[in-house]
Amino acid sequence: MSDFSEAFAAALALILNFESSLAEIVGLSLQVSLVAVFIASLIGLPLGAALAVFRFPGRKTLVVILNALMGLPPVVVGLIVYLILSRSGPLGTLGLLFTPTAMIIAQTLLIMPIIAALTRQSTVQLWHEYEDQFKSLGAGPGETVTALLWDDRFNLVTTILAGFGRASAEVGAVMIVGGNIDHVTRVMTTTIALETSKGNLALALGLGVILLCLALGVNAAAYLINEAALKRHG
Amino acid sequence: MRIAVRLIAVWSVLAGLIHTSSLIAAEQSIERFIVMASTTSTVNSGLFDYLLPKFSNKFKMQIRVVGVGTGQALRIARRGDADVLFVHHKESELAFVRDGFGVKRLNVMYNDFIIVGPQVDPAKIKKTKTAAAAYQAIAQSRAVFVSRGDDSGTHKKSLAIWQSAINTKPKSAIWYQESGAGMGATLNIASSMEAYTLTDRATWENFNNKTTLKILFENDPLLQNQYGIIKVNPALHKHVKSQEAEIFIKWVLSAEGQATINTYRLNGKQVFFANAPGKKMN
């Protein structure tokens, strides 16, 4: 058990001495994951709602594929993005490999299917309830999707948080496309991997505790906002 | 409407985040930098934390180090994703240059590999005289040996020792296990399994989870660990920052760069020995 108490001591020391290097790493982690969640939501939310509403050939196949993509291994996403952004790859001229932008792209691809699939799951129930109303009102496709997402917004907060959780916890993708470069692409998870490889287990676990606290903070904030909004809304 | 206000507030925070991240990206692109593919040993040992700032301050150029196994570093450089390659497996490096991916390979520094294992030393390798004999003793006693099993410089060295010890690479068995992981992860495994493994001295010195592991064999010419530096060929990859790469390589091989390498201490010990061509250092 001394390993764990050492880890908590390390975490506490890290927080109390709040070094600029740690702040930099925490800041970059939050930035990369939040921006990825933002972009993935912009695509995933309407995509999920559209899949719930519209009937077209191949829809079921698409739904199955999307659900399967929720289990995409981060390393595989990392490898694909690496091959695309590499200088020898199709988008090599952009010079994006080993930059925070590459990490955002990888995480966006990783969590977009999660957000889309969960959104579909959640909005499809609403759609069954209100389908007739929408049809009688003669709402267009865009209006229908927007209205569904708006009505379901309190549930969708959890969907988005699931995406954030996946993004901030993964290490495989950002390690490959970011390269874990000090001061440039080093985030919480890659730092944890690095410190583990140096045998600094307590420090690594301490960083893990901080990462958990961050996730806790983001989730608590979302929960409180959601609660307050629900109350006002009745 | 209050909800709408809240939502607007949330979006503006997110927009702010995107804005700052793009600012950071802009900031980074202004600064001069090159990407160097190197090995975990040079990164984990802290050498680069000591060496690179001295260069960066003088030349106002950032060296972005991607620390991976030698095999992966070579692949990154081959695809043109690095400007400079700084690794430790001479044959692969020479092949890299021969195949036109690099311009020229130059010695930078060396240290050595060591065999670590549990203090009780079940295979009695402490008494052996050569690295090959030590490996033979481990194979004969079936004491657990953890091998990297990747294509790192360390693993290639380990395979060379096995070759001279038993003329072949051992098959995976209860006593011979492949971690398929980096040096640090492999040391963690060896540490918890009380197993033997081959490691470079710098990574070992910086490793903090040794438990019962000790250095059990060292000092054999076969165990020398030579590091080389290569500029990625700008004729092959047009975007390679040839001039900047040249400046860095020149500095590392200069009297100043070489002296900096020699003055680096890990736990009070010198773990890298500069040996650039034409420079006599002590």
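Data table
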quantity: Output for region B:256-282, where each listed residue is part of a helix (DSSP H, G or I) and either hydroxyl-bearing (Ser, Thr, Tyr) or in contact with a helix residue (DSSP H, G or I) (Cβ under 6 Å, 6 or more places away or on another chain) (or both); calculated: B:257, B:260, B:263
quantity: Subset of region A:93-102 (residues that are among the small types (Gly, Ala, Ser) and either more than 9 Å from chain B (Cβ to nearest Cβ) or farther than 15 Å from residue A:179 by Cβ (or both)); calculated: A:102
quantity: Verdict on residue B:77 being within 11 Å of chain A (Cβ to nearest Cβ), surrounded by 21 or more Cβ atoms within 10 Å (Cβ to Cβ), in a helix (DSSP H, G or I) and touching a helix residue (DSSP H, G or I) at 6+ places or on another chain (Cβ under 9 Å); calculated: yes
quantity: Selected residue (only one of A:62, A:42, A:83 is away from chain B (no Cβ under 11 Å) and either within 17 Å of the chain's Cα centre (by Cα) or part of a helix (DSSP H, G or I) (or both)); calculated: A:62
quantity: Region B:171-180, residues that are surrounded by fewer than 17 Cβ atoms within 10 Å (Cβ to Cβ) and either over 20 Å from residue B:213 (Cα atoms) or within 14 Å of chain A (Cβ to nearest Cβ) (or both); calculated: B:171, B:172, B:173, B:180
quantity: Of the criteria (1) at pLDDT 95 or above; (2) among the charged types (D, E, K, R); (3) not assigned by TED's automatic domain parsing to the domain that holds residue B:253, which one residue B:54 fails; calculated: (3)
quantity: First in region B:227-249 and more than 29 Å from residue B:156 (Cα to Cα), second anywhere and surrounded by fewer than 17 Cβ atoms within 10 Å (Cβ to Cβ), Cβ under 7 Å, 6 or more apart; calculated: B:239/A:95; B:244/B:32; B:247/B:59
quantity: Residues of region A:176-188 that turn out to be among the aliphatic types (A, V, I, L, M) and within 9 Å of chain B (Cβ to nearest Cβ), as a count; calculated: 2
quantity: Filter result for the condition that a residue is more than 30 Å from residue A:201 (Cβ to Cβ) and modelled with pLDDT under 95, over B:231, B:250, B:241, B:279; calculated: B:279
quantity: Those residues of region B:35-50 which are surrounded by fewer than 21 Cβ atoms within 10 Å (Cβ to Cβ) and either at negative phi or of a type in the set (A, V, I, L, M) (or both), in sequence order; calculated: B:48, B:49, B:50
quantity: Matching residues, region A:214-225, being facing chain B (nearest Cβ under 10 Å) and buried (at least 16 other Cβ atoms within 10 Å of the Cβ); calculated: A:222, A:225
quantity: Test: residue in region B:116-133 that is in a helix (DSSP H, G or I) and either crowded, with 20+ Cβ neighbours inside 10 Å or touching a Cys at 6+ places or on another chain (Cβ under 6 Å) (or both); calculated: yes
quantity: Some residue of region B:94-110 being aliphatic (A, V, I, L, M) and out of contact with any strand residue (DSSP E or B) (no Cβ under 9 Å at 6 or more places or on another chain); calculated: yes
quantity: Among (1) assigned to a loop (DSSP other than H, G, I, E, B); (2) more than 14 Å from every other protein chain (Cβ to nearest Cβ) - the single one residue A:211 does not satisfy; calculated: (1)
quantity: Selection count, region A:7-39, where residues are under 18 Å from residue A:113 (Cβ atoms) and either away from every other protein chain (no Cβ under 12 Å) or without any contact (Cβ under 8 Å) to a residue 24 or more places away in the chain (or both); calculated: 1
quantity: Condition met for residue A:39 (touching a Ser or Thr at 6+ places or on another chain (Cβ under 7 Å), under 17 Å from residue A:70 (Cα atoms), of a type in the set (Val, Ile, Thr) and surrounded by 16 or more Cβ atoms within 10 Å (Cβ to Cβ)); calculated: yes
quantity: Members of region B:190-204 that are touching a residue at least 24 places away in the same chain (Cβ under 8 Å) and over 17 Å from residue B:113 (Cα atoms); calculated: B:193, B:194
quantity: 2 or more residues acidic (Asp, Glu), at the interface with another protein chain (Cβ under 10 Å from one of its Cβ atoms) and closer than 30 Å to residue B:54 by Cα: qualifying helices (runs of 4 or more DSSP H) within region B:181-255; calculated: none
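The values are calculated or read from the model by the stated rules, or taken from the named source; none is laboratory data. Fair warning: this is a prediction, and the values are worked out from it, not measured in the lab. Note that each Cβ is placed from the backbone with ideal geometry, even for glycine, and that neighbours are counted across all protein chains shown.
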